[in-house]
Amino acid sequence: MTKEQFFDKYYNFAASATKNTGLSPILILAQAYVESGAGKSQLAAKYNNFFGVKATTSWQGKTVTMRTREQTKEGKDYFINAKFRVYSSPFESFVEQINFLKRNQKYKKSGLFSYPDNFAKQADTLQRAGYATATNYAKVLTDVCNNFVSI
């Protein structure tokens with residue numbers, strides 16, 4: 001799926017899920033694109049988890065255990081088996097991603113919601129708050145956002 005096709009297929013989910021939150025729908029769409037490998041990852045294609053959200057003990061829904069790549073702070077890759085959330089639809093994944101960010105104190109305290117619709121600042125804030133272990137996470141998200149804006 002091209003970036004244009006991904007944008008056309010999932011933008012409305014991102015826009016609906018982020019409505020009245022101050023989060024950029026472009027950022028959330030870019031995050032879904034990156035985390036799901038353009039919707040092609042098994043986690044997204046089979047289990048509707050477009051954000052790589054792991055299942056903690058508080059998650060009451062279905063789960064799947066999969067091998068995943070992580071990175072140390074120094075940028076060294078390593079692999080673990082982790083439990084991930086399973087969603088009934090792609091839209092549920094987008095809604096739950098926003099709910100996850102709103103409920104989690106580290107994102108509230110990080111100022112993520114303090115930059116209404118500024119995807120570059122929000123991407124940087126997500127990385128600084130520890131959303132992903134990839135050392136270039138904010139840059140990757142911002143690059144995809146810039147590409148989506150030009151569509």
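Just the protein heavy atoms count here, and of the accessible area of the chain at 1.4 Å, carbon and sulfur take up 49 percent. Charging the Cβ of each Asp and Glu at -1 and of each Lys and Arg at +1, and nothing else, the dipole of the chain about its Cα centre rounds to 520 debye. Springs between alpha-carbon pairs under 10 angstrom, Gaussian network model over the chain: which of Ile80, Ile28, Ile98 fluctuates most? Answer for the Gaussian network model of the chain: Ile80.
Highest mobility in the GNM of the chain, judged by mean-square fluctuation with C-alpha springs under 10 Å and restricted to Leu112, Leu101, Leu29, is found for Leu101.
As an exercise, identify the trypsin sites (Lys or Arg not before Pro) in the stretch 17-93 lying in DSSP coil whose Cβ has no more than 11 other Cβ atoms within 10 Å. Could you put the intermediate results ahead of the total?
Working: sites: Lys19, Lys40, Lys46, Lys54, Lys62, Arg67, Arg69, Lys73, Lys76, Lys83, Arg85; in loops: Lys19, Lys40, Lys62, Lys73, Lys76.
Of the trypsin sites (Lys or Arg not before Pro), the ones in loops of the stretch 17-93 whose Cβ has at most 11 other Cβ atoms within 10 Å are Lys19, Lys40, Lys73, Lys76.
Once you keep just the Cα pairs under 8 angstrom separated by 6 or more residues, what percentage relative contact order results for the chain?
Once divided by the residue count of the chain, the mean separation gives 28 percent.
Ellipticity at 222 nm from helices only: DSSP H runs of n ≥ 4 in the chain, each -39500 (n - 2.57), divided by the residue count, give -15000 deg cm²/dmol.
Once the chain from Gln60 to Met1 is taken as fully extended at 0.36 nm per residue, the excess over their C-alpha distance is 18.1 nm. Building the convex hull from the alpha-carbon atoms of the stretch 1-56 and averaging its projection over directions returns 4.0 nm².
The values are calculated or read from the model by the stated rules, or taken from the named source; none is laboratory data. Small disclaimer: the values here were computed from a predicted structure and weren't measured. No Cβ is skipped: glycine too gets one built from the backbone with ideal geometry, and neighbour counts run over all protein chains shown. SASA here: full protein model, heavy atoms, side chains in, ligands and nucleic acids out. Shrake-Rupley method; radii C 1.70, N 1.55, O 1.52, S 1.80 Å.
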